[in-house]
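Have a look at the structure below, then the notes.
The values are calculated or read from the model by the stated rules, or taken from the named source; none is laboratory data. The shown structure was predicted, so the numbers you read here are calculated from the model rather than taken from an experiment. All Cβ positions, even for glycine, are placed from backbone atoms using ideal geometry, and neighbour counts span all protein chains on display.
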Amino acid sequence: MADSAETIANHSNGALAAPWRIGVDVGGTFTDLVLQDAAGRMVIGKVPSVPADPSKGVLDAVIDVARKQGMAVRDLLRGCAMFVHGSTIATNTILEGKGARVGMLTTEGLRDSVEIRRGLRENMWDHRTPFPPVLVPRYLRRPVRGRIAADGSELAPLRIEDVDAAIAMFRTEGVESVAICLINSYANGAHEAAAARRVREANNAWAVSVSSEIMPVVGEYERGSTTVVDAYVAPRVAPYLRALDEKLRSEGLPRGLLLVQSNGGVASVAQAATRPVNLALSGPAAGVGALQMFARAAGTDDLLSMEIGGTSCDVMLMAEGRVAAADHLRPPIT
């Protein structure tokens, strides 16, 4: 570890070899930037985050590194072949309860599925501890008539007047974002698509999250809860991503920003803005790659990684070279 730190320190000086890559991580307290040039040399920047406008922290970090290299910001960005952004903005929005006011459209009779959950608990004998509050209060979960069968056929047509009634209520209640999750939409999303069109026609300022687009899988709880989280974070995350991407491009970045997702991969701003829920817990997912690198350096496949930020603490365990993964078939206990 000491050798790696010394190498980074020694490589932080001198002219950069183009093209270079930049990685930025925006946390609740600090924004960190690492630049690696074509010769493998690194420059590191660390500045305070700006919670009111996280993009300012990113730009401040770019300015910090440009200053260290004696370069103009535009020249630094022009020489960048890849700009990857990791952020806790989606995670922190959820943890701090600062997301949008969400309204939900759900099939009649399934209004409470996101609150009933799966009934799973960390301690099966502890039935007294309450679950965390639902992100959409019951009165904003509006049932609509109409039904799709499990094979995708239509059992009953969508009653668009129910959608209109919900829209009128959402306006009165100051809703900012709408989640749509209708039964069996994974097999046929026509009803959801029709409802989404109606919502967008009524108010194009609302963010609209559609379960058949966000997570088209069997299971009303998994699909519904994921769609609600997407709607909860979308008005906070999507405008920030678009604004930052536009700002960096205007300052000289030749290619669009890439966002780290919760599967450890990356997506463009256009892709991430349509499914911002995929950015939640992207930090630990990205850290899996770092664990693999350290495993090779340390000569062991059993490692524990801990990142303590200003808002959350992320822990990753590697056992025998593997990090456990979960998907919609094994929902987290929440």
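For the range 189-229, a residue qualifies if it is touching a helix residue (DSSP H, G or I) at 6+ places or on another chain (Cβ under 8 Å) and outside any helix (DSSP H, G or I), and the qualifying residues are 189, 203, 206, 207, 208, 209, 210, 215, 216, 217.
Evaluate the following for residue 50: is it β-branched (Val, Ile, Thr), surrounded by fewer than 21 Cβ atoms within 10 Å (Cβ to Cβ) and without any contact (Cβ under 8 Å) to a residue 24 or more places away in the chain? Yes.
Okay, residues lined up against (1) out of contact with any Ser or Thr (no Cβ under 7 Å at 6 or more places or on another chain); (2) at pLDDT below 90; (3) in a strand (DSSP E or B):
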| residue | (1), (2), (3) |
| --- | --- |
| 242 | yes, no, no |
| 254 | yes, no, no |
| 267 | yes, no, yes |
| 273 | yes, no, no |
| 277 | no, no, no |
| 284 | yes, yes, no |
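As a summary of the residue check, residue 326 satisfies the conditions (1) within 30 Å of residue 192 (Cα to Cα); (2) within 15 Å of the chain's Cα centre (by Cα); (3) not hydroxyl-bearing (Ser, Thr, Tyr) except for the one numbered (2). Could you tell me whether residue 263 is under 11 Å from the mean Cα position of the chain (by Cα), under 18 Å from residue 326 (Cα atoms) and outside any helix (DSSP H, G or I)? So residue 263 fits the description; yes. Inside the range 109-130, can you point out the residues that are touching a helix residue (DSSP H, G or I) at 6+ places or on another chain (Cβ under 8 Å) and on the phi < 0 side of the Ramachandran plot? Those that are touching a helix residue (DSSP H, G or I) at 6+ places or on another chain (Cβ under 8 Å) and on the phi < 0 side of the Ramachandran plot: 110, 111, 112, 113, 114, 115, 116, 118. Residues in the range 170-197 that are without any contact (Cβ under 8 Å) to a residue 40 or more places away in the chain and either surrounded by fewer than 18 Cβ atoms within 10 Å (Cβ to Cβ) or of a type in the set (A, V, I, L, M) (or both): 171, 172, 187, 193, 194, 196, 197. Just one of the numbered conditions (1) touching a residue at least 40 places away in the same chain (Cβ under 8 Å); (2) under 14 Å from residue 103 (Cβ atoms); (3) of a type in the set (A, V, I, L, M); (4) buried (at least 21 other Cβ atoms within 10 Å of the Cβ) is not true of residue 167; which one? Unmet for residue 167, out of (1) touching a residue at least 40 places away in the same chain (Cβ under 8 Å); (2) under 14 Å from residue 103 (Cβ atoms); (3) of a type in the set (A, V, I, L, M); (4) buried (at least 21 other Cβ atoms within 10 Å of the Cβ): (1). Screening residue 255 on (1) surrounded by fewer than 17 Cβ atoms within 10 Å (Cβ to Cβ); (2) in contact with a strand residue (DSSP E or B) (Cβ under 8 Å, 6 or more places away or on another chain); (3) assigned by TED's automatic domain parsing to the domain that holds residue 161; (4) of a type in the set (Lys, Arg) shows it passes everything except condition (3).
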